[in-house]
Amino acid sequence: MTALAVAAGSVRIHRAPPLDPPFDDELRPTTYQPVRPEPREIIPPEAVAGASPECHTAALRFLNLCLELFNGFRSPGQLRPLLRVTEANDVLDELARGLRRLAALRQAVPAGTPRRPVRRRQLRTCEPRPGVAEVAAVLSDGRSTWSLAYRLERDTTSWRCTALLVLL
């Protein structure tokens, strides 16, 4: 091991920058304390925890009907009783758009290849407030994967879909 020869006075030691953490021997170390969020920014624990069993059952029921639609066992008009009247046309238009895209994907498959049914891969249900369900589902037919997001709201008698988006 060799030592470097340094001329006297050529090495200077500078003070530590003020951003260094405090040392144990300091009298009053300052520590970082994060700012607490305002009460309106806090997410209610019910929304984080998931959804009630009734809410999850309604979301699963609607998804199963959508799967029957994507697999050709239902027409979009048969879902009309499960849609809120004011948003029914928007939801049906989105379902029709998704069906057209799915048909185009199926036509791109070579002839003679067996048709695979659309299946549910994953389902996430959230209940941001009682009587409202926000759902995200991952669907797949074995060749491609896409998602379906929708919102259900409870009326006096049943759950109705108020918004739907097919990401295909």
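The values are calculated or read from the model by the stated rules, or taken from the named source; none is laboratory data. Everything quoted here is computed from the prediction, not taken from an experiment. Cβ: placed from backbone, ideal geometry, glycine included. Neighbour counts: every protein chain shown. Remember, those area values only see protein heavy atoms, side chains included, never the ligands or the DNA or RNA. Shrake-Rupley method; radii C 1.70, N 1.55, O 1.52, S 1.80 Å.
In table form, for the structure just shown:
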read-out	value
Per-region count, segment 68-86, residues surrounded by fewer than 17 Cβ atoms within 10 Å (Cβ to Cβ) and within 22 Å of the chain's Cα centre (by Cα)	0
Matching residues, segment 118-140, being open to solvent by less than 60 Å² (accessible area, probe 1.4 Å) and more than 14 Å from Ala58 (Cβ to Cβ)	Val118, Pro128, Ala136, Val138, Leu139, Ser140
Positions within segment 87-117 being assigned to a loop (DSSP other than H, G, I, E, B) and either out of contact with any Asp or Glu (no Cβ under 9 Å at 6 or more places or on another chain) or open to solvent by 90 Å² or more (accessible area, probe 1.4 Å) (or both), in sequence order	Ala108, Val109, Pro110, Ala111, Gly112, Thr113, Pro114, Arg115, Arg116
Scope segment 141-152; condition buried (at least 17 other Cβ atoms within 10 Å of the Cβ) and more than 24 Å from Pro114 (Cβ to Cβ); matching residues	Tyr150, Arg151, Leu152
Index of the failed condition, Leu167 passing every other in (1) in contact (Cβ under 8 Å) with a residue 24 or more places away in the chain; (2) touching a Ser or Thr at 6+ places or on another chain (Cβ under 8 Å); (3) open to solvent by 80 Å² or more (accessible area, probe 1.4 Å)	(1)
Out of Arg160, Arg120, Arg154, sole residue that is in contact (Cβ under 8 Å) with a residue 60 or more places away in the chain, among the basic types (Lys, Arg) and in contact with a helix residue (DSSP H, G or I) (Cβ under 7 Å, 6 or more places away or on another chain)	Arg160
Count - residues of segment 118-168 that are within 20 Å of Ser52 (Cβ to Cβ), part of a loop (DSSP other than H, G, I, E, B) and acidic (Asp, Glu)	1
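Residues are listed down the side, and each one gets a yes or a no for (1) in contact with a strand residue (DSSP E or B) (Cβ under 9 Å, 6 or more places away or on another chain); (2) at pLDDT below 90:
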{"position": "Pro110", "(1), (2)": "no, yes"}
{"position": "Arg115", "(1), (2)": "no, yes"}
{"position": "Leu123", "(1), (2)": "yes, no"}
{"position": "Asp141", "(1), (2)": "yes, yes"}
{"position": "Ser144", "(1), (2)": "no, yes"}
{"position": "Ser147", "(1), (2)": "yes, no"}
{"position": "Arg154", "(1), (2)": "yes, no"}
{"position": "Ser158", "(1), (2)": "no, no"}
{"position": "Val166", "(1), (2)": "yes, no"}
